[in-house]
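Derivation of every value follows stated rules applied to the coordinates shown; laboratory data play no part. Predicted model only: the values in this text are computed from it and were never measured. Positions of Cβ are backbone-derived with ideal geometry, glycine not excepted, and every protein chain shown enters the neighbour counts.
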Amino acid sequence: MFRGTALATGSLLLLLLSGCLSGCATANAEGTHVGYADSAGPTVIGTDGSAQSRVVAALYGELLTRAGQKVRTADASYASPIDTAQAVVDGRISIAPAYESTLLRAMPGGQTMPGNMEATLSMSLPPGIVALPPAAAQGGVVLAVTKSTAGKHELHSLADLRGAGTGLTLGGSASGDPDAPSVAALKKAYGVTLTPAGTAQTADIRVLRSTDPVIARDGLVVLADPRSVVPPEHVFPLISAPAVDLAGRTALARVNTRLTTAELATLTSSVEAGETPGRAAEDWLRAKGLLH
């Protein structure tokens, strides 16, 4: 049953690609009709409405511009990272920030290569759509505790929770995220018994987005996940292959090791505080020596 669904999904994606190569029009997230992204025209960068997506897109735009490519931002943002990724697949935009596990949920049916996310993404995407190498930064879910809780129970990773006994609660602002681990999943992986606390901000083990400013503001300790209960969500450029040349791809790769989760959180916070994505991106790239 799953294999049949996978084949149908793959066929639909291929039909979308092949049927629109001649320039059909489609509707974007705001209802505006745009044609297929033209590799001879400017590289069109799309984002969702989040500060995180917009500032990462601004980093991509600045790097591509410096690499000699004509770049413009899509007229409207999309509702979610999944919608933005689909816009790349459909040809409405040329490039967008994407996240590993989120993209795989949007593109079901590809084979999974355990421990090899690059190969898994490659097999899941339709021809002509490429997942470039990811940055170190993750935009997904993390589990964190206060310094007091970490010190009391000697917590450094989720594996240490087993020695903390029972009575700890699990909850937080990202507890409803598709990647948020359940108490059952954590018990199976780490043998720990936790009590669910929903979205409570006072839970002992807090489920948060990795770029949530509360992590730095409150000095929370992010617990390592050696058994990978939480799937990876590294940010990477999802591109239409003809739209980004070799020079552009090389330029984009320069950001990978420099853009850590902490750096992404700082950039996101700057934009949320009112700084424009373009200014935040340019200042950060200059500070890291990535603009010449």
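A few remarks follow.
- Taking 28 Å as the straight-line reach from the Cα of residue 70, the lysines in range (excluding those fewer than 8 positions away in the same chain) are 288.
- Protection proxy ranking, highest mean first, for peptides 225-236, 210-221, 48-59: 48-59, 225-236, 210-221, where packing is the per-residue count of other beta-carbon atoms within 10 Å, averaged.
- Here residue 147 is the anchor, and the aspartates and glutamates within straight C-alpha reach of less than 13 Å, apart from those fewer than 8 places off in the same chain, are 204, 218.
- At full extension, residue 162 and residue 282 could sit 38.7 nm farther apart than now, given 0.36 nm per residue minus the alpha carbon distance.
- For the pair residue 217 and residue 199 in one chain, pulling the backbone fully straight at 0.36 nm per residue adds 4.6 nm over the alpha carbon distance.
- P(r) tail for the stretch 236-292: Cα pairs beyond 19 Å make up 37% of the total.
- Where N is the number of residues in the stretch 159-292, Cα Rg divided by 2.2 N^0.38 Å: 1.31
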